[in-house]
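Visitor: Below is the structure I would like to discuss, written out as structure tokens.
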Amino acid sequence: GNSVTQMEGPVTLSEEAFLTINCTYTATGYPSLFWYVQYPGEGLQLLLKATKADDKGSNKGFEATYRKETTSFHLEKGSVQVSDSAVYFCALSDRSNFGNEKLTFGTGTRLTIIP
Amino acid sequence: GAVVSQHPSWVICKSGTSVKIECRSLDFQATTMFWYRQFPKQSLMLMATSNEGSKATYEQGVEKDKFLINHASLTLSTLTVTSAHPEDSSFYICSAYRGPDTQYFGPGTRLTVL
């Protein structure tokens, strides 16, 4: 079956530091890949996504590249801010059932940015 | 992005009682909604897929008689935890499917069973 393995947290960084959160996946077929973010007290929000190999998703300074050869989708940001403190989830979508796509999530990584 | 609400946001109940959680898609019609369960410091686990006008599809290991799902309209799905027990205490999250690779999540409902 499908699975997502995500870097364990928590991760604590100083403001303006470089961020990498690792994510690897196992899937049959060609899934879409996502990063979701959950701010305190809020629901999950889509941060970025990529739907095919070598695609790069980007948003709010975050980037992730769909690497089929290494089955990875690592999240990066060059300079983090305090407002980036949240829990980040890597996920994949089973596209074999169009219109009823199921998401498989990683365990989430709690990120704390200190001023 | 689109807005999905959940009600209540937090509920405490006694063991043996039933609890209903509502999930509403506020600004689009969703023929499909998903229900997830999240344990502390763990991932979201898909419980079931809710389809408007038909029976829900449950994931392996999820008791359909315990977790009743009703998708009565294109904007509302409900999850009823029947005869709740302390081990049912968890964070329940719904999402509404809008199109390929597009789901919008509710803020979640924390259930505590005493």
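Visitor: Can you name the residue in segment B:43-65 that is within 10 Å of chain A (Cβ to nearest Cβ) and among the hydroxyl-bearing types (Ser, Thr, Tyr) and, of all such residues, is farthest from the chain's Cα centre (by Cα)?
Guide: That would be B:43.
Visitor: Does segment A:19-28 contain at least one residue that is more than 13 Å from every other protein chain (Cβ to nearest Cβ), touching a residue at least 60 places away in the same chain (Cβ under 8 Å) and surrounded by fewer than 18 Cβ atoms within 10 Å (Cβ to Cβ)?
Guide: The answer is yes; a qualifying residue exists.
Visitor: Still on this structure, I have one more. Looking only at segment A:44-54, decide whether some residue is within 16 Å of residue B:100 (Cβ to Cβ) and exposed (fewer than 13 other Cβ atoms within 10 Å of the Cβ).
Guide: Yes, because at least one residue in segment A:44-54 is within 16 Å of residue B:100 (Cβ to Cβ) and exposed (fewer than 13 other Cβ atoms within 10 Å of the Cβ).
Visitor: Next question. Of all residues being closer than 22 Å to residue B:84 by Cβ and open to solvent by 70 Å² or more (accessible area, probe 1.4 Å) in segment B:1-23, which is farthest from the other protein chains (Cβ to nearest Cβ)? Just the residue, please.
Guide: If we take residues in segment B:1-23 being closer than 22 Å to residue B:84 by Cβ and open to solvent by 70 Å² or more (accessible area, probe 1.4 Å), then B:14 is farthest from the other protein chains (Cβ to nearest Cβ).
Visitor: Within segment A:56-81, can you find the residues that are open to solvent by 60 Å² or more (accessible area, probe 1.4 Å) and touching a residue at least 60 places away in the same chain (Cβ under 8 Å)? Break it down into steps so the answer makes sense when it comes.
Guide: Here is the first cut: in segment A:56-81, the residues open to solvent by 60 Å² or more (accessible area, probe 1.4 Å) are A:56, A:58, A:60, A:63, A:67-70, A:74, A:76, A:81.
Within segment A:56-81, just A:81 meets the criteria.
Visitor: Can you tell me which residues in segment B:28-44 are surrounded by 13 or more Cβ atoms within 10 Å (Cβ to Cβ) and in contact (Cβ under 8 Å) with a residue 12 or more places away in the chain?
Guide: B:28, B:30, B:31, B:32, B:33, B:34, B:35, B:36, B:37, B:38, B:44 - these are the residues of segment B:28-44 that are surrounded by 13 or more Cβ atoms within 10 Å (Cβ to Cβ) and in contact (Cβ under 8 Å) with a residue 12 or more places away in the chain.
Visitor: Looking only at segment A:73-86, count how many residues are over 10 Å from the mean Cα position of the chain (by Cα), closer than 21 Å to residue A:33 by Cβ, outside any loop (DSSP other than H, G, I, E, B) and not basic (Lys, Arg).
Guide: 2
Visitor: Still on this model: Pick out, from segment B:48-114, the strands (runs of 3 or more DSSP E) lying fully within it that include 1 or more residues that are closer than 17 Å to residue A:45 by Cα and open to solvent by 30 Å² or more (accessible area, probe 1.4 Å). Talk me through it step by step, then tell me what you get.
Guide: Values: elements: B:67-73, B:76-81, B:90-99, B:102-105, B:109-113.
Those strands (runs of 3 or more DSSP E) span B:90-99, B:102-105.
Visitor: If you don't mind, another one. Which of (1) touching a residue at least 12 places away in the same chain (Cβ under 8 Å); (2) under 25 Å from residue B:41 (Cβ atoms); (3) more than 12 Å from the chain's Cα centre (by Cα) is the odd one out, the single condition residue A:102 does not satisfy?
Guide: Here residue A:102 clears every test but (1).
Visitor: Looking at segment A:1-18, which of its residues are open to solvent by less than 50 Å² (accessible area, probe 1.4 Å), part of a loop (DSSP other than H, G, I, E, B) and at pLDDT 95 or above?
Guide: A:17 - this is the single residue of segment A:1-18 that is open to solvent by less than 50 Å² (accessible area, probe 1.4 Å), part of a loop (DSSP other than H, G, I, E, B) and at pLDDT 95 or above.
Visitor: Would you mind stating whether residue A:57 is within 14 Å of chain B (Cβ to nearest Cβ) and touching a Pro at 6+ places or on another chain (Cβ under 6 Å)?
Guide: When the stated conditions are applied, residue A:57 does not pass them.
The values are calculated or read from the model by the stated rules, or taken from the named source; none is laboratory data. On a predicted model such as this, the values are computed, not experimentally measured, just so you know. Every residue, glycine as well, gets a Cβ built from its backbone with ideal geometry; the counts of neighbours run over all protein chains shown. Calculation scope for accessible area: heavy atoms of the full protein, side chains included, ligands and nucleic acids excluded. Shrake-Rupley method; radii C 1.70, N 1.55, O 1.52, S 1.80 Å.
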